[in-house]
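The values are calculated or read from the model by the stated rules, or taken from the named source; none is laboratory data. None of these values were measured; they are calculated from a predicted model. Glycine also receives a Cβ, built like all others from the backbone with ideal geometry; neighbour counts cover every protein chain displayed. Side chains included, ligands, DNA and RNA excluded: accessible areas come from the protein's heavy atoms. Shrake-Rupley method; radii C 1.70, N 1.55, O 1.52, S 1.80 Å.
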Amino acid sequence: MFRSLWAYRGFVWSSVLREFNGKYRESLFGAFWSVASPLTMIIVYTVIFSQLMRATLPGQEQVPFAFSIYLCAGIITWGLFAEMLARLNNVFLEHGNLIKKSNFPRICLPAIVTLSALINFGIVFGLYLAFLAIIGHWPGWMVLALIPLLALQLLFTIGLGVFLGTLNVFFRDVGQLTGVVLQFWFWLTPIVYTLPALPEGVRSAMQYNPMQPLMAAYQTIFLVREMPDFTSLAPLAVLTVLFLLLGAHFFLARVGELVDEL
């Protein structure tokens with residue numbers, strides 16, 4: 001798979017650029033629309049929750065826009081996860097005609113989705129970093145801790161997404177179920193609320209949510225400006241390895257049957 005990706009790197013990159021340019025070619029405001037939706041969501045959630053949740057951020061009372069910083073750190077990174085997983089879930093179905101008519105490594109399609117999502121994430125995240133710099137809350141060299149966190153998130157999403165995307169070709173209900181699960185998953189992860197705001201019993205149940213420590217790590221970097229607890233990410237790292245192996249095995253075992261099913 002990796003040799004195929006490298007051999008077709010030109011195809012992958014040109015597809016990413018064509019998709020990005022095609023999305024905004026006839027648009028007056030161009031790439032602005034890629035940030036409009038998450039920006040609107042952040043503004044709405046900030047207005048609604050900023051006063052309500054202020055008391056649940058102990059030690060951050062003197063930080064300007066503390067809840068906005070906390071909220072954006074979660075929503076922006078979750079947005080990358082949700083966009084990738086939703087698109088990977090349907091990637092083979094959406095490109096069914098291309099798969100039938102062209103002979104290319106099918107693994108190129110998840111790579112295109114990943115790079116496209118990273119471009120969208122980079123635009124929104126760049127605005128977030130500019131916001132932090134303007135309000136004087138730049139995290140300093142702690143921002144480098146973002147690299148292993150993003151790498152872990154991307155690998156987890158790719159493994160899970162390729163597995164679900166391949167499975168969705170054979171069982172179409174998987175796509176519908178994934179969309180529903182993503183909505184519940186978002187609200188079961190402390191992003192628009194904080195962990196201390198939950199009852200003790202609910203807080204203890206959060207240990208079974210693999211995305212909770214990842215979101216907490218992002219929030220620690222940008223709000224508290226401290227190094228996150230990487231040991232808390234061990235369960236997610238184990239799940240990542242399992243889904244990468246499962247996704248690769250299932251994809252390679254079924255890739256020859258994709259055309260027939262499509």
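Key figures for this structure:
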quantity: Some residue of the range 174-188 being on the phi < 0 side of the Ramachandran plot, in contact with a Phe, Trp or Tyr (Cβ under 7 Å, 6 or more places away or on another chain) and either of a type outside the set (Val, Ile, Thr) or buried (at least 21 other Cβ atoms within 10 Å of the Cβ) (or both); calculated: yes
quantity: Total residues in the range 76-95, condition hydrophobic (A, V, I, L, M, F, W, C), under 16 Å from Ser37 (Cβ atoms) and open to solvent by less than 10 Å² (accessible area, probe 1.4 Å); calculated: 3
quantity: Tally of residues being touching a residue at least 60 places away in the same chain (Cβ under 8 Å) and buried (at least 16 other Cβ atoms within 10 Å of the Cβ) across the range 97-118; calculated: 9
quantity: Filter result (of a type in the set (Phe, Trp, Tyr) and closer than 16 Å to Phe81 by Cα) within the range 172-198; calculated: Phe184, Trp185, Phe186, Trp187
quantity: Search result, residues across the range 223-262 that are open to solvent by less than 50 Å² (accessible area, probe 1.4 Å), of a type in the set (Phe, Trp, Tyr) and in contact with a Pro (Cβ under 9 Å, 6 or more places away or on another chain); calculated: Phe251
quantity: Out of Leu154, Leu182, sole residue that is under 24 Å from Pro228 (Cα atoms) and either of a type in the set (D, E, K, R) or within 18 Å of the chain's Cα centre (by Cα) (or both); calculated: Leu154
quantity: Boolean, Thr220 is closer than 21 Å to Thr77 by Cβ and open to solvent by less than 30 Å² (accessible area, probe 1.4 Å); calculated: no
quantity: Within the range 215-262, tally of residues that are part of a loop (DSSP other than H, G, I, E, B) and in contact (Cβ under 8 Å) with a residue 60 or more places away in the chain; calculated: 5
quantity: Failed condition for Val192, given (1) at pLDDT 90 or above; (2) not in a helix (DSSP H, G or I); calculated: (1)
quantity: Selection from the range 119-132 of residues that are open to solvent by 50 Å² or more (accessible area, probe 1.4 Å) and within 14 Å of Ser68 (Cβ to Cβ); calculated: Leu127, Phe131
quantity: Selection count where residues are in contact with a Pro (Cβ under 6 Å, 6 or more places away or on another chain) and open to solvent by 50 Å² or more (accessible area, probe 1.4 Å), scope the range 189-217; calculated: 0
